[in-house]
1. For region 334-344, indicate whether the set of residues that are open to solvent by 60 Å² or more (accessible area, probe 1.4 Å), assigned to a helix (DSSP H, G or I), farther than 21 Å from Y147 by Cβ and out of contact with any helix residue (DSSP H, G or I) (no Cβ under 6 Å at 6 or more places or on another chain) is non-empty.
2. When you look at I250, is it crowded, with 21+ Cβ neighbours inside 10 Å, among the β-branched types (V, I, T) and assigned to a loop (DSSP other than H, G, I, E, B), yes or no?
3. Can you tell which of N275, N313, N309, N254 is in the same structural domain as T343 (by TED's automatic domain parsing) and touching a strand residue (DSSP E or B) at 6+ places or on another chain (Cβ under 6 Å)?
4. Could you check I21 against (1) open to solvent by less than 60 Å² (accessible area, probe 1.4 Å); (2) free of Cβ contacts under 8 Å to residues at least 40 places away in the same chain; (3) β-branched (V, I, T); (4) outside the structural domain of G162 (by TED's automatic domain parsing) and say which number it fails?
5. If you go through region 144-158 one residue at a time, do you hit one that is open to solvent by 30 Å² or more (accessible area, probe 1.4 Å) and polar (S, T, N, Q)?
6. Just to be sure, is N357 out of contact with any Lys or Arg (no Cβ under 8 Å at 6 or more places or on another chain), more than 24 Å from V263 (Cβ to Cβ), of a type outside the set (D, E) and in the same structural domain as V227 (by TED's automatic domain parsing)?
7. Is one or more of the residues making up region 11-25 assigned to a helix (DSSP H, G or I) and within 30 Å of E172 (Cα to Cα)?
8. For region 26-61, what are the residues that are of a type in the set (V, I, T), assigned to a loop (DSSP other than H, G, I, E, B) and either open to solvent by 40 Å² or more (accessible area, probe 1.4 Å) or within 14 Å of T179 (Cβ to Cβ) (or both)?
Amino acid sequence: MWAYFKFEFLQFISNRKNIAIYVILLFFSCDFALKIAPTYNPIERVDVSEIEARYLTREAFLNNVVIDEGTHYLSSFAVSIFQEWNEYEGERLEAIKQHNLKEYAEATSKWYTYADKLTFPNAMGVLYYNPGYYTFGNIYATMDGHYAYLYSASRYKAYTEGKSNLSVNVFEERTALQTLQRLLNSYLPLILIVSCILLTVDIVLKDRRNPTLLQGLPLSDWRKLIVKGLVSLLGSLISIIPLSVGLLIIGGRNGFGDFDLPVPIYSSGKDAFSNILMGEYLVQNMLFIVFWFLFIISLLLFVSVLLKNEFANLVVGFMFVIAEFIYFERGLGAVWNVQWYPTSYVQVGQIISGYRNFLYGSETLTFGSGILVMGLCTFIFLVFTFLISNQRKFKLL
């Protein structure tokens, strides 16, 4: 069996299609690091001129306003909130000018907490979040701003309690590990899952090109399929290597960060954040992605034995990747049990960070439920594959 594993793995890594996939991933990684990452412009950034402009505007208002019986109620409201708000703003401004990053983080955490308390749910309709959330006709801008302010408040508070070396790049989440965190909350899981599909799509059906070479092997079809699945899993994990080259480039430019950096995790039941360490967050993502690999590989092994068509493998594989786009709608989780569909867990990073629960209005899309659903589906596909692989009608060759 070990000899067959080595045979399959050598065929896998020498396959021109697989080599092309790794090269494309390497090109994408380098292109992202050199062209896209430097243009990253977060909505919540460290902008001294912006902080100073807000501070001076409010300070001028407070110094010149006269409160009497004829004062408009909005002016009285502004006076009541601007004093504390400007206290935090002034502390931020002074700390960043003195390059005292711990004090800046502490003041900024208080600033975001206070700003969100005033703005959400914005009963008076006069306060708004950062204008960046109100672009492109976003009807959920208030909710997005609320999430972002709570996220920032939690993150900055954790900076004051942690041991990580702080910098502006850390505050703006530009370091290599924080970039990886942002990508895991974006399209990186999709790229890895699609790569797994493309690497696995012909792992069974390629044997039809050289049937005489394999007919004499003293292995059952089931054992051959298990070996092929292991080779596909190893090959899918190798796809992480070319993608990591870009992170090395980003780390050389913006710093690598460290595994003690905080990652805010949203709890929809409490509408609040807690923090876990970057190392724990990445381990959970890696484990979740491995379960996705196992799910995709078991699915494609089943389809390969059942239909014996590479195009069918592609169609079925991509259906599971894009299916969530068909039914996704914000708030849907409150009326539909989306947690029982494996397709709801494609956005791995968003599941672990709780952002998917925030979008769905649910509490059930968690790391634990995802592992359970993916593991159960993988087991079911493997059982069906075992059963039909022993049928003469579905012999591999």
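The values are calculated or read from the model by the stated rules, or taken from the named source; none is laboratory data. Keep in mind it's a predicted model, so treat the numbers as computed, not measured. Counting neighbours? That spans all protein chains shown, and the Cβs are built from the backbone with ideal geometry, glycine included. Ligands, DNA and RNA are excluded from the accessible area calculation, which covers all protein heavy atoms including side chains. Shrake-Rupley method; radii C 1.70, N 1.55, O 1.52, S 1.80 Å.
1. Within region 334-344, the subset open to solvent by 60 Å² or more (accessible area, probe 1.4 Å) is 334-337, 340-341.
Okay, now just the ones that are also assigned to a helix (DSSP H, G or I), so 334, 340.
Retained after the next criterion (residues that are farther than 21 Å from Y147 by Cβ): 340.
From what is left, the residues that are out of contact with any helix residue (DSSP H, G or I) (no Cβ under 6 Å at 6 or more places or on another chain) are 340.
The answer is yes; a qualifying residue exists.
2. Working: crowded, with 21+ Cβ neighbours inside 10 Å: yes; among the β-branched types (V, I, T): yes; assigned to a loop (DSSP other than H, G, I, E, B): no.
Answer is no for this residue.
3. On the way: N313 fails: touching a strand residue (DSSP E or B) at 6+ places or on another chain (Cβ under 6 Å); N309 fails: touching a strand residue (DSSP E or B) at 6+ places or on another chain (Cβ under 6 Å); N254 fails: touching a strand residue (DSSP E or B) at 6+ places or on another chain (Cβ under 6 Å).
After ruling out the rest, the residue left standing is N275.
4. Status for I21: all satisfied but (2).
5. no
6. When the stated conditions are applied, N357 does not pass them.
7. First, pick out the residues of region 11-25 that are assigned to a helix (DSSP H, G or I): 11-14, 16-25.
Now narrow it down to the ones that are within 30 Å of E172 (Cα to Cα): 24-25.
Scanning region 11-25 turns up at least one residue that is assigned to a helix (DSSP H, G or I) and within 30 Å of E172 (Cα to Cα).
8. Just the residues of region 26-61 that are of a type in the set (V, I, T), to begin with: 36, 39, 43, 46, 48, 51, 57.
After this cut, where a residue has to be assigned to a loop (DSSP other than H, G, I, E, B) as well, the list is 43, 46.
Residue satisfying the conditions is I43 alone.
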